Amino acid sequence: MEANITTSKQTPAKKPIELFQIFYKYGTIITIIALIVIFSLANPTFIQGSNIVNILRSISIVTIIAIGITISLSVDGFDLSVGSVASLSNAIVISMFVWFSQNTLIAVISAIAASLVVGAINSFMIVKLRIPDMLLTLATMFIIQGTALTYTKGATVSQNMVMPDGSMAAGLISPFFAKIGEVPWIIIIMAVAVILVHVFLTYTKHGRYMYVIGGNKEAARLSGIPVNKYKVAAYLLSALFASIGGIVLASRVMTSEINSGAPYLMDSVAAAFIGFSVLGAGKPNAFGTFIGAVLIGILQNGLVMMSVPYYAMDIVKGAVLAFALAITYYKQK
């Protein structure tokens with residue numbers, strides 16, 4: 001009679017490679033590479049150096065504003081007022097030059113100070129009055145948008161504009177300030193913002209505390225982390241980066257258009273959420289946000305080169321954002 005002998009050591013079963021895991025980690029990178037190949041085949045000028053620089057320049061403002069959203073997301077918040085804050089900052093910095101003949105330092109400090117006031121109001125209402133962040137920042141988005149419009153009286157602020165009394169504005173925009181919105185400085189400012197926030201969130205104690213708060217606020221509080229202080233700091237930083245985005249925009253276009261920051265809101269939100277899944281991070285992060293902005297920039301640039309109507313671009317961007325959110329939240333589940 002033959003005995004069945006079973007060995008204690010069994011060959012471990014090979015762990016199946018899950019395509020979803022690979023796509024979750026590298027899907028955004030793969031998509032970018034695929035888009036570059038497709039757009040380059042459709043139009044060889046897409047891959048030229050001048051166009052690459054143009055894409056980086058076009059995403060600079062989006063990335064800077066999205067970095068602020070990323071910080072608010074790190075504490076499980078969400079700041080919808082960044083577009084309006086950028087508009088307000090844009091209006092103030094240009095008006096300081098044109099209406100009040102101030103220098104660059106005063107103009108920039110004035111814009112940042114006004115934006116930080118908005119951040120302080122947001123954080124007070126969210127932290128002290130416990131109003132849900134999305135609802136509160138939605139409300140302040142309209143309030144700040146109206147404030148910016150009231151401040152400029154609904155007019156475009158620019159050099160040599162006609163003032164309400166019929167005279168011409170005498171102030172001039174500083175040539176030094178005008179350089180900020182040019183290549184390479186606009187790209188350098190974006191790169192510095194991404195690197196600083198990446199280092200802050202990833203390698204500092206304060207950044208790690210923000211992630212702990214975002215993961216489990218109650219556990220963070222029981223661990224002795226001052227949750228409210230970090231939430232206040234997150235909304236102040238969100239307003240700061242929105243302000244910097246508005247200032248860079250002002251330097252780039254040299255005017256203050258009505259609601260100039262509003263179009264950057266949705267692109268910034270999309271970039272921040274797409275960044276969740278970059279390299280499998282599963283959380284808001286500055287590098288992922290930059291990659292998300294690159295994806296959006298490539299999409300916009302490539303679709304323009306292929307003569308896709310501008311009104312159809314939002315459909316594509318919305319689909320990409322929905323896809324990124326689906327992957328992120330399915331993974332978290």
Checklist entry - Relative contact order for the chain: what is it in percent, counting Cα pairs under 8 Å that are at least 6 residues apart? => result 32 percent
Checklist entry - Taking 0.36 nm per intervening residue step and subtracting the Cα-Cα distance, what contour gain separates Ala139 from Ser167 on full extension? => result 6.5 nm
Item to check | Residue list for region 280-315, given a label point 7 angstrom along the Cα-to-Cβ vector of Thr204 and an amide N cut-off under 14 Å | outcome: 286
Checklist entry - When all alpha-carbon pairs of the chain are counted, what percent fall beyond 30 Å? => result 41 percent
Item to check | Spread of Cα-to-Cα distances over 10 Å intervals beginning at zero, given as percent, for region 189-333 | outcome: 10, 33, 36, 16, 4, 0
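In what sequence do Asp165, Asp133, Asp314, Asp76 fall when counting other Cβ within 10 Å, fewest first?
Ascending Cβ contact count within 10 Å gives the list Asp165, Asp314, Asp76, Asp133.
Given only helices, namely DSSP H runs of n ≥ 4 each adding -39500 (n - 2.57), what is the per-residue ellipticity at 222 nm of the chain, to the nearest 500 deg cm²/dmol?
-24000 deg cm²/dmol
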Item to check | Fluctuation leader among Lys283, Lys205, Lys217 - the chain, Gaussian network, Cα springs under 10 angstrom | outcome: Lys205
Item to check | Reachable aspartates and glutamates, given that their alpha-carbon falls under 14 Å from the alpha-carbon of Lys317 and they are not under 8 places away in the same chain | outcome: Asp267
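We did not get these values from a lab; they are worked out from the coordinates using the rules stated. The shown structure was predicted, so the numbers you read here are calculated from the model rather than taken from an experiment. Cβ sites come from the backbone with ideal geometry, for glycine too, and all protein chains shown count toward neighbours.
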